[in-house]
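Taking it in order: structure first as structure tokens, then the write-up.
The values are calculated or read from the model by the stated rules, or taken from the named source; none is laboratory data. None of these values were measured; they are calculated from a predicted model. Glycine gets a Cβ as well: all are built from the backbone with ideal geometry, and neighbour counts include every protein chain shown.
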Amino acid sequence: MIRLLIADDHTVLRECLVAMLRASGDCVVVGEAGDGISAVEQALALQPDIAVIDISMPRLSGIDVVRRLTEELPRTKVLVLTMHEEDEYAVQVVRAGASGYLVKNTATNELLDAIRTIAAGGVYFGPYATKILASQLKHPQPEDPYGALSDREREVLHLVVDGLTIKEIANKLDISAKAAENRRSRVLAKLGVRNSAELVRYAVRKRLVD
């Protein structure tokens, strides 16, 4: 049996996906998560064969989840299942280490084929993602600077976007206000934005937040 973790913040969709996979005959859903942090925590605890991850989730984006699982659980493969059809997401997902990428209008049979292929050690990218990745190889684009942020810098970015002040960020992370300000400054510099307002606009534009 292929052991699966399903992470999606849309409860109805997640429950339908779980029911479909359980009826497949060769898949067992060992865990579910409704946000990125829970997805990482459950994956570390359950160590599934495959984690099926959405991109837009609260607390931690799906792309960051892929990075964490690739680094911390190399034996758990990741299949991204998302509604996003923008070119940049497929490229970011591959760079993060995912073994597959499908959009949510994919037929059930193709989703099961993808899971079985990945479980057997392969990779699976639907026609949409394959076209984008082929184009990227012919005409490579600069990597999104978000990928250059450290985990701590990404944490500060999300706290700033959530509206926390430097003092509140320092308290939450148990660091000095000066250290928190230094991290925020590094984030601004790496992303090429000038202040917190521009940082929020960047996060919204890149769909790093809901």
Segment 158-210: number of residues that are over 23 Å from GLY62 (Cα atoms), among the acidic types (Asp, Glu) and part of a loop (DSSP other than H, G, I, E, B): 1
Cβ-Cβ under 9 Å pairs, at least 6 apart or on other chains, segment 171-195 side touching a residue at least 40 places away in the same chain (Cβ under 8 Å), far side loosely packed, with under 15 Cβ neighbours inside 10 Å and of a type in the set (A, V, I, L, M): LYS190/ALA148; LEU191/ALA148
Test: residue in segment 6-14 that is touching a Gly at 6+ places or on another chain (Cβ under 6 Å) and closer than 24 Å to ARG154 by Cβ: yes
Listing of strands (runs of 3 or more DSSP E) fully contained in segment 22-110 that carry 3 or more residues being at pLDDT 90 or above and surrounded by 15 or more Cβ atoms within 10 Å (Cβ to Cβ): 27-33, 50-53, 77-82
